[in-house]
Amino acid sequence: MAPPLTATFWILLLTATGFAQDSPESSVTSREATRTLEPLDVNRVAELHRLTDTLGDALWPGFDTRTIPVAVNHDDREEMLVAHPAPPPEFHPSKTLTLHGEPILVREGCTRYGPRGSGWAFELGGEQTAYVSTIQATQSTEDWLSALLHESFHVYQRRYQSMPQGGMQPPPSADAEYSARIGLESRVLQALIASEDHQEIRELGRQLIAVRRARYAGLTEEQIRFEGVSEYNEGTASYIQARLYQLLAARGGLEVKGGDPRYHGFSEAGRMYTDLVSKISPAEDARIDFVHGQYLNGMGLCLALDRLVPDWKAKMQEPGRRQYDLLESALAVAESEEDALLDRAEKRFEYEALLARQVALLDAHLAEIRSYLDAPGRRYRVHHGAIRGRFQWSPEGPVLEVPEVLITEPAGNPTTVWVGGMSRFEKGDLVFEGRPLPMIFRFDTLEWIDPEPAFDESDLKIAYETRDGDIYSKVRIETDGFVLTLPKARIVRTEERVDIHPVVD
């Protein structure tokens with residue numbers, strides 16, 4: 001689910017907190033932690049192909065998963081790859097596993113660490129690839145296939161509409177009114193999708209336009225563009241999951257083949273559809289942000305277009321098309337109508353109460369983040385930004401974005417708090433293995449705060465091969481919060497802070 005955003009960090013953040021990772025799960029059974037890839041793993045990919053073969057253009061015209069490269073990460077130990085036109089050299093044909101009569105490709109190790117239970121769409125060997133983990137202990141095969149379908153659709157999206165670069169700015173991250181407006185849109189969409197009355201559906205669509213225009217009045221053009229691209233990207237991929245459930249519910253599911261004990265042929269597709277659509281309207285105690293909007297309101301817009309613009313999928317394949325634009329064009333709300341429509345929406349869906357809750361929830365959210373940023377104790381700061389290349393990580397979630405109002409770093413250097421810790425962070429030869437304790441993450445540093453440091457440094461152990469002043473080689477640093485290994489580092493210690501600077505030759 002790699003959002004088409006302007007900075008690697010936003011890709012990291014939105015992917016880590018996004019809808020397609022509704023239930024990330026890092027724990028696996030002992031059997032799953034030790035077994036090798038087996039025919040059942042391949043059969044599950046074959047079932048993805050059968051789904052799109054069966055549903056065809058009713059799912060999305062031209063979307064054929066047989067042509068989508070798929071990589072499956074097996075517990076960060078091995079990986080399989082199918083349908084890739086130019087596999088990287090580390091992959092080789094399996095001696096035992098086949099798909100559609102051809103050997104699959106396997107490798108030792110993995111391309112990226114995590115995420116458990118879901119995945120990304122990202123470039124592998126020069127090709128956009130759907131990248132997922134093997135099925136987790138808490139997942140059904142239906143859940144796993146739904147996540148893989150989502151990521152596969154991201155790959156397909158890039159084929160018919162390129163992702164714009166630049167000219168975008170993330171929307172407000174600490175604005176209760178903005179959040180409440182997103183929540184109001186969610187409620188309007190929920191009612192529209194549930195309605196069977198065509199006149200009411202049109203009225204709710206018109207109210208949605210008035211609500212959206214009121215929200216856009218407070219945004220820059222760059223923020224509006226960001227929203228449209230993100231809603232298109234994640235909203236349509238989430239819609240594909242909802243549409244899958246709709247179509248399979250109408251069919252009564254599929255015949256189960258292959259002896260998969262976790263698979264029931266989507267026999268509960270109707271419930272899965274209802275559960276997914278119910279998430280569009282946030283819970284009463286939920287703090288609303290645009291991550292919710294891009295996935296769920298974006299999906300809801302697609303479901304609304306099914307009702308109001310039957311040929312919308314064909315139109316969507318035109319460059320630059322967005323769901324909201326199609327809705328606005330179809331319903332043609334005049335400016336003179338906006339105030340009355342907005343008033344009806346606000347009264348019916350209790351906007352004032354929604355706004356009051358968002359104000360209270362935002363205040364509590366900011367207080368929680370401050371408690372991490374300003375926590376007393378010794379700080380360990382690992383300056384990984386000196387090392388070139390992309391990083392790999394295994395977050396333990398949840399993740400809290402630090403909003404602009406609390407960021408003290410220079411612009412363009414956003415910050416998050418990994419509340420559940422980061423089990424692994426790897427960049428070049430730097431490997432950070434953490435324990436489930438809060439971690440502050442920036443573009444160029446990791447920071448862990450020991451709330452009860454032993455100032456005699458009995459909780460800090462540094463092993464190394466050679467040392468010249470504060471320069472250590474082949475160093476291993478261990479605290480009660482993490483273990484860090486790297487070839488060479490400058491380590492500067494005070495009672496309040498330990499700075500670890502990688503030395504790049």
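The values are calculated or read from the model by the stated rules, or taken from the named source; none is laboratory data. These numbers were taken from a predicted model, which means no experiment stands behind them. Here the Cβ positions follow ideal geometry from the backbone for every residue, glycine too, while neighbour counts run over all protein chains shown. Side chains included, ligands, DNA and RNA excluded: accessible areas come from the protein's heavy atoms. Shrake-Rupley method; radii C 1.70, N 1.55, O 1.52, S 1.80 Å.
In whole percent, how big is the carbon plus sulfur part of the accessible area of the chain, probe 1.4 Å, protein atoms only? Display every interim value, and only then the final one.
Working: 10420 of 21050 Å².
Answer for the chain is 49 percent, counting heavy atoms of protein chains only.
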Could I have the simple spin-label model distance between residue 407 and residue 127, label points 7 Å from Cα toward Cβ, reported in nm to one decimal?
3.6 nm
Quick one: the Cα spread of region 320-440 along its three principal axes, in angstroms, biggest first?
60, 37, 26
So what's the back-of-envelope 222 nm ellipticity for the chain, counting only DSSP H runs of four-plus at -39500 (n - 2.57) apiece and dividing by all residues, rounded to 500?
-11500 deg cm²/dmol
Considering only protein heavy atoms, what per residue accessible area in square angstrom results for the chain with a 1.4 angstrom probe?
42 Å²
What are the extents of the Cα atoms of region 281-362 along their three principal axes, in Å, largest first?
42, 31, 20
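Regarding region 190-230, what is the average projected area of its C-alpha convex hull, in nm²?
Details: hull surface 13.3 nm².
Value for region 190-230: 3.3 nm².
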Of the candidates 386, 277, 154, the farthest towards the positive dipole end of the chain (Lys/Arg Cβ +1, Asp/Glu Cβ -1, centred on the Cα centre) is 154
Euclidean distance between Cα centres, region 455-505 to region 46-89, Å
44 Å
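Could you calculate, for region 81-199, the ratio of the Cα radius of gyration to the Kirkwood radius, expressed as Rg to Rh?
For region 81-199, the value is 1.09.
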Hey, which of these cross-link pairs are over 29 Å Cα-Cα: 95/488; 95/427; 95/474; 279/315; 257/279?
95/488; 95/427; 95/474; 257/279
Quick one: grab Rg to one decimal and Dmax as a whole number for the chain, Cα atoms only, in Å.
24.2, 78
J(HN,Hα) series, region 47-56, from Karplus relation 6.51 cos²θ - 1.76 cosθ + 1.60, nearest Hz, glycine and proline x:
5, 4, 5, 5, 4, 6, 4, 6, 8, x
Principal-axis tilt of helix 141-160 within the chain, Cα atoms, nearest 10 degrees:
80 degrees
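Restricting everything to alpha-carbon atoms, can you work out Rg to Rh for region 185-332 with a Kirkwood hydrodynamic radius?
On the way: Rg = 16.4 Å, Rh = 16.3 Å.
Using Cα coordinates only, the ratio equals 1.01.
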Mind checking the angle between helix 221-230 and the chain's longest principal axis? C-alpha axes, 0 to 90 degrees, to the nearest 10.
90 degrees
Cα axis of helix 176-194 to longest principal axis of the chain: angle in degrees, 0 to 90, nearest 10?
50 degrees
Taking the full set of protein chains and a 1.4 angstrom probe, give the accessible area of residue 290 in square angstrom, rounded to the nearest 10.
20 Å²
Could you list, bin by bin from short to long, the percent of Cα-Cα pairs of region 41-109 in 5 Å steps?
4, 16, 26, 23, 15, 9, 6, 1
